[in-house]
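Read the structure below first, then the notes.
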Amino acid sequence: MTGYIQTRYQRDTTPTRAALIFTVEPLWAAALGYFFLQETMGIWGMLGGGLIIGGILFSELSETMMAQGQRFFRSVLKSESS
């Protein structure tokens, strides 16, 4: 069911937003496992999960932030040259 919903609505959003949504999926799985199945995760598991999620966020957001920064500096340079 979840796979169908993800596939169905992935085409209606941007690739960056879809990657961010998929990044949150393991966090939900860990939280639900903790609350409903009393599963625990050690410090190494948390550190590894944090590094994976951080890497995905960095790779997805860095391109977007670079593009926004370039647009900002172009607008600043245009206003200074006018």
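Bear in mind that the values in this text are calculations on the coordinates, not laboratory data. Quantities reported herein were computed from a predicted structural model and do not represent experimental measurements. Counting neighbours? That spans all protein chains shown, and the Cβs are built from the backbone with ideal geometry, glycine included.
A few points about this structure:
- Kyte-Doolittle at least -0.5, axis length at least 20 Å by Cα - qualifying DSSP helices, the chain: 15-37, 43-81
- Spin-label model, Ser59 to Thr40: label points 7 Å out along the Cα-to-beta-carbon direction sit 3.3 nm apart.
- Computing Cα extents along the principal axes in Å directly from the structure and comparing it against (i) 64, 34, 16; (ii) 44, 25, 17; (iii) 44, 19, 18 singles out (i).
- Dipole magnitude of the chain about its Cα centre (Cβ charges: Lys, Arg +1; Asp, Glu -1), debye to nearest 20: 340
- Neighbourhood charge, 15 Å Cβ-Cβ cut-off, centred on Leu32 and excluding it, Lys, Arg +1 and Asp, Glu -1: -2
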